[in-house]
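Values quoted throughout were computed directly from the atomic coordinates according to the rules given, and no laboratory measurement underlies them. Everything numeric here is computed off the predicted structure, so don't read it as measured data. Here the Cβ positions follow ideal geometry from the backbone for every residue, glycine too, while neighbour counts run over all protein chains shown.
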Amino acid sequence: MPVRNMVLTGLFAALLSISSQIYIPIGPVPHTLQLIFVLLAGVMLGSRWGFASVAVWVLLGVFGLPVFAQGKAGAAVLVGPTGGFLIGFMVCAWLVGRLTEGKQVNYIRTLSVMLGSLAIVYLIGLAGFMASFTYFLNKPMTWDKAATLSVLPFMPFDVVKAVCAAYLGVRIRHVLDKAGLRIGQ
């Protein structure tokens, strides 16, 4: 295991922890900056290390460090309304990394991969959101209502975050490739 990859994994876990504390509480699922760093972890670190950075962040929260949005922590967060999104973030980082690693990245391809991965986050997050309300809070809801509460308010902002992450990720990857500092492989 290259030390550089482990350090970058820890760095992205720290960035996720910090970005989680910048939030707007607009309902049961707060609006945060986490997605930018989830997407950047995938494109910058690749599938293995991008996934690892998000998994480290989730494990830190599960073990009690207040690294989730609004300073939340503990295993109960995984079965709460945002638990599915946390799992979705791990899948997203892996998927973005898998579809961009080893390839010459360009903005349009990277943005397309990020938006497709974002759709996967929404599906996993929506399923977790509904399961949380149905099984733990005994308040079943329809797919429409769940999507209205947990997905639709976030879509415009998340698209903007994906645009920013694609731009930054491609630019940084090009600079690192020119310098011979390929990371995450």
HN-Hα J in Hz across region 4-16 - Karplus 6.51, -1.76, 1.60, θ = phi - 60°, x for Gly and Pro: 4, 5, 5, 5, 5, 4, x, 4, 5, 4, 5, 4, 5
Once both labels are modelled 7 Å past Cα along the beta-carbon direction, what's the residue 141-residue 172 spacing in nm? 3.3
Considering every Cα-Cα pair within region 79-166, what fraction, in whole percent, is farther apart than 24 Å? 26
Calculate the translational D of region 26-185 in whole µm² s⁻¹ from Stokes-Einstein, where the hydrodynamic radius comes from the Kirkwood formula applied to all Cα pairs, the temperature is 4 °C and the viscosity 1.567 mPa s. 81
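If you take the beta carbon distance between residue 157 and residue 179 as r and set R0 to 30 Å, what does 1/(1 + (r/R0)^6) give as a FRET efficiency, to the nearest 0.05?
0.40
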Collect residues whose amide H, placed 1.01 Å from N in the peptide plane, falls under 5 Å from the amide H of residue 65; neighbours closer than 5 in sequence don't count. 74
What area, in nm² and to one decimal, does the C-alpha convex hull of region 42-117 cast on average over all directions? 5.1
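Please express the shape of region 1-99 as an equivalent ellipsoid: the semi-axes are the square roots of 5 times the eigenvalues of the C-alpha gyration tensor, given largest first in whole angstrom.
The three semi-axes for region 1-99 are 22, 13, 12 Å.
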Region 93-131 to region 33-60: how many Å between their Cα centroids? 12
How large is the helix-only mean residue ellipticity at 222 nm for the chain, computed as the sum of -39500 (n - 2.57) over DSSP H runs with n ≥ 4, divided by its residue count, in deg cm²/dmol to the nearest 500? -23000 deg cm²/dmol
With θ set to phi - 60° and the Karplus curve 6.51 cos²θ - 1.76 cosθ + 1.60, what are the ³J(HN,Hα) couplings of region 93-110 in order, to the nearest whole Hz, using x for Gly and Pro? 4, 5, 5, 4, x, 4, 7, 10, 6, x, 10, 6, 8, 10, 4, 5, 5, 5
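So, by mean Cβ neighbours within 10 angstrom, what's the order for 140-152, 108-120, 169-181 with the highest one leading?
Details: 140-152: 15.2, 108-120: 18.5, 169-181: 13.4.
So the order, starting with the most tightly packed, is 108-120, 140-152, 169-181.
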HN-Hα couplings for region 57-62 via Karplus (6.51, -1.76, 1.60; θ = phi - 60°), in whole Hz with x for Gly/Pro, come out as 4, 5, 5, 4, x, 5
